[in-house]
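Okay, so here's the structure we're looking at.
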């Protein structure tokens, strides 16, 4: 397996190992769909695509229309190498999210109706939003952790509408949504007027620029789905941290395996602890994303060897909750680097 | 709140903040039981005990027999400070574990019977074992992550009998259990003979000493419930890491809030990433421990201001899954320091 891993490393510049090759093969035993193979293998998408092309050349798999199928040779070789079919025991009630949203049923139903008219995800801002169930599960999870009631909360980028959902609960003291996309601000602004959500504030901010002074050190909690390049992660998460009041404040951050190898996960974790925070939770697959309309323009689509369309949910991310300790670092510099693209990005 | 936090910091030497005082008060709204207050506040036990004594002096709470009750003054002050009653939305099917164990029903039932005769937890080795449901949930979770079938697995300390449960599934290639406690080795050895569990190896090892050479670099996966002092964490987890073969191998580690403040969580996370691993999962409350018989001899009991006995499960820990990358560090030195006690330890 290591020989394939090293070829993929060379071709993609993404640090994957023999174990990642096993992961992809393991899912190939149970799925022939490119997007599901990416999801369940938990391996960076360009590496999965590169590996599949390699395995096809080696005769381990073949393409049947849009299907990616293990050949008899592939099965034999995989079994010889000790690879077992992928198995899944995820809870069928909470979908692996650890919490249920029953207590927020009314807010959920209201949110479900309201979000029907939401602005569609834009490629330009690398948008892609989570399912309404995910949005409410975030609210429930955060409320269980004491991060909602009476809190001052900021959403850095809100195509997920978690800021709106929080305001609809009526529980926080203040919810500030900042976004670069005027459509989202207008959409939430209209609902704010209709529903009288006085606690909700909407502001147009470009996260590549330093945050306005009046947002620094003012919040108990932030939510963000960062760009997953390292500079992008900084732009979103470091600025999120800069908005927090002091020790014991929390950030909720989504990080994928689709665009972030475990080596980059480690870099991100290093950033977090070095900034003076602890990671309190990492729940894989917590965030499930609705398929977005611009997928045919993505690098991910051009990398997909069989050019299939995604059918079910395939893009998921882990929920990270991070918490400030004493002496955490506030960072608010302008960003010169490209926050949108690196070797692993494929859906931007 | 910060004034109370700083007094507790001074008295206990444990870094807690205003937010932790809020957490304890928040649970006091819904529970009068010392052990449940510790569990749900997720604050280090000696700090909780110290804070409760302080709040009692201030007239915020009073003791009624074994009950710790918020007074009218306490309620008023807490509400004024913006504290809300603790709320819980944990999934009622998987209990927040993310996975269900239905697929392992037969192994679970066999395990349930066999463990009836297990050796009782000993104070001397700081033992305390998880519920059978937890043991099987670990097996299911690890199997979903590809860490069971065909794998070579080591359990560093096995009072939880996870090594035995893994062997009972018949799925791993090899399971090595090392423990200092001859009773556990004898217990598992007897079952090994009865059931013909040839893959299971039992060896007496003191983790304070360097591991035998023939265990280094030989395993795909390790399991351990470390001592939670920093030297104790090293003794268990660093040695676990030293047993792993190469990149893409995994460790399963339980870490509590009972004995480990978030500041120490951060230190532990720093160790992990600096050793060249990534943290792939942190699932709080995954591990639920059966109450052990020696609790009246624990520091935790003497700290408990109302000297109540624990009734329900109260001692829980987060499941950490960590994974090796390239160039991770193998460390196998002897340990001079006290691995069992620091300012936060209370159940050792």
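I'd like the full set of residues that are surrounded by 15 or more Cβ atoms within 10 Å (Cβ to Cβ) and outside any helix (DSSP H, G or I), limited to segment B:92-111.
B:94, B:95, B:96, B:97, B:98, B:99, B:100, B:101
Take the residues of segment B:160-176 that are within 13 Å of chain A (Cβ to nearest Cβ) and in contact with a strand residue (DSSP E or B) (Cβ under 9 Å, 6 or more places away or on another chain): which is surrounded by the fewest Cβ atoms within 10 Å (Cβ to Cβ)?
This residue is B:173.
Taking the residues in segment A:238-279 that are in a strand (DSSP E or B), in contact (Cβ under 8 Å) with a residue 60 or more places away in the chain and under 27 Å from residue A:23 (Cα atoms) as candidates, determine which candidate is nearest to the other protein chains (Cβ to nearest Cβ).
Selected residue: A:255.
Filter segment A:136-159 down to the residues that are in a helix (DSSP H, G or I) and surrounded by fewer than 23 Cβ atoms within 10 Å (Cβ to Cβ) and list them by number.
The answer is A:144, and nothing else.
Among the candidates A:66, A:22, single out the residue that is farther than 30 Å from residue B:282 by Cα and modelled with pLDDT of 95 or more.
Step by step, each of A:66, A:22 is checked, and only A:66 is farther than 30 Å from residue B:282 by Cα and modelled with pLDDT of 95 or more.
Name the single residue, out of those in segment B:70-91 being facing chain A (nearest Cβ under 7 Å) and over 15 Å from residue B:21 (Cβ atoms), that is surrounded by the most Cβ atoms within 10 Å (Cβ to Cβ).
My answer is B:89.
Just checking, does segment A:116-130 include any residue being over 16 Å from the mean Cα position of the chain (by Cα), away from every other protein chain (no Cβ under 14 Å) and without any contact (Cβ under 8 Å) to a residue 60 or more places away in the chain?
Yes, there is a match, as at least one residue in segment A:116-130 is over 16 Å from the mean Cα position of the chain (by Cα), away from every other protein chain (no Cβ under 14 Å) and without any contact (Cβ under 8 Å) to a residue 60 or more places away in the chain.
Can you pull out every residue in segment A:212-226 that is in a loop (DSSP other than H, G, I, E, B) and surrounded by fewer than 22 Cβ atoms within 10 Å (Cβ to Cβ)?
Across segment A:212-226, the qualifying residues are A:212, A:216, A:217, A:218.
Being at pLDDT 95 or above, in the same structural domain as residue A:160 (by TED's automatic domain parsing) and over 14 Å from the mean Cα position of the chain (by Cα) is true for just one of A:263, A:302. Which residue is that? Working first, answer last.
Working: A:302 fails: at pLDDT 95 or above.
Going through A:263, A:302 in turn, just one is at pLDDT 95 or above, in the same structural domain as residue A:160 (by TED's automatic domain parsing) and over 14 Å from the mean Cα position of the chain (by Cα): A:263.
Residue-by-condition table, conditions (1) closer than 21 Å to residue B:6 by Cα; (2) touching a residue at least 60 places away in the same chain (Cβ under 8 Å):
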position: B:40; (1), (2): no, no
position: B:44; (1), (2): yes, yes
position: B:55; (1), (2): yes, no
position: B:59; (1), (2): yes, no
position: B:65; (1), (2): no, yes
position: B:68; (1), (2): no, yes
position: B:71; (1), (2): no, no
position: B:94; (1), (2): no, no
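In segment B:196-206, is there at least one residue being within 22 Å of the chain's Cα centre (by Cα), touching a residue at least 24 places away in the same chain (Cβ under 8 Å) and not in a strand (DSSP E or B)?
Scanning segment B:196-206, I find at least one residue that is within 22 Å of the chain's Cα centre (by Cα), touching a residue at least 24 places away in the same chain (Cβ under 8 Å) and not in a strand (DSSP E or B), so the answer is yes.
Quick one: which of A:76, A:124, A:88 is not in a helix (DSSP H, G or I) and not assigned by TED's automatic domain parsing to the domain that holds residue A:223?
On the way: A:76 fails: not in a helix (DSSP H, G or I); A:124 fails: not assigned by TED's automatic domain parsing to the domain that holds residue A:223.
So the residue among A:76, A:124, A:88 that is not in a helix (DSSP H, G or I) and not assigned by TED's automatic domain parsing to the domain that holds residue A:223 is A:88.
Within segment B:285-299, which residues are at pLDDT below 90 and either assigned to a helix (DSSP H, G or I) or within 14 Å of chain A (Cβ to nearest Cβ) (or both)?
B:293, B:294, B:295, B:296, B:297, B:299
Given the criterion within 9 Å of another protein chain (Cβ to nearest Cβ) and either free of Cβ contacts under 8 Å to residues at least 60 places away in the same chain or surrounded by 16 or more Cβ atoms within 10 Å (Cβ to Cβ) (or both), identify the matching residue among B:313, B:322, B:339, B:282. It would help to see each step written out before you state the result.
Values: B:313 fails: within 9 Å of another protein chain (Cβ to nearest Cβ); B:322 fails: within 9 Å of another protein chain (Cβ to nearest Cβ); B:339 fails: within 9 Å of another protein chain (Cβ to nearest Cβ).
After applying the criteria, what remains is B:282.
Conditions first: (1) within 14 Å of chain A (Cβ to nearest Cβ); (2) at pLDDT 95 or above. Residue B:327 passes all but one, so which condition is the exception?
Going through the list (1) within 14 Å of chain A (Cβ to nearest Cβ); (2) at pLDDT 95 or above, residue B:327 breaks only (2).
Tally the residues that are in contact with a strand residue (DSSP E or B) (Cβ under 9 Å, 6 or more places away or on another chain) and under 20 Å from residue A:298 (Cβ atoms), restricting the search to segment A:32-59. I'd like the intermediate steps shown before the answer.
The first filter runs over segment A:32-59 and keeps only residues in contact with a strand residue (DSSP E or B) (Cβ under 9 Å, 6 or more places away or on another chain), leaving A:32-34, A:37, A:39, A:42, A:52, A:55-56.
Okay, now just the ones that are also under 20 Å from residue A:298 (Cβ atoms), so A:33-34, A:37, A:39, A:42, A:52.
Within segment A:32-59, residues that are in contact with a strand residue (DSSP E or B) (Cβ under 9 Å, 6 or more places away or on another chain) and under 20 Å from residue A:298 (Cβ atoms) number 6.
Which of the residues spanning segment A:92-115 are touching a strand residue (DSSP E or B) at 6+ places or on another chain (Cβ under 7 Å) and more than 7 Å from chain B (Cβ to nearest Cβ)?
Initially, segment A:92-115 is screened for residues touching a strand residue (DSSP E or B) at 6+ places or on another chain (Cβ under 7 Å), giving A:96-99.
Hit for segment A:92-115 is A:97, nothing else.
The values are calculated or read from the model by the stated rules, or taken from the named source; none is laboratory data. Because the structure is a prediction, the values reported are computed rather than measured. Counting neighbours? That spans all protein chains shown, and the Cβs are built from the backbone with ideal geometry, glycine included.
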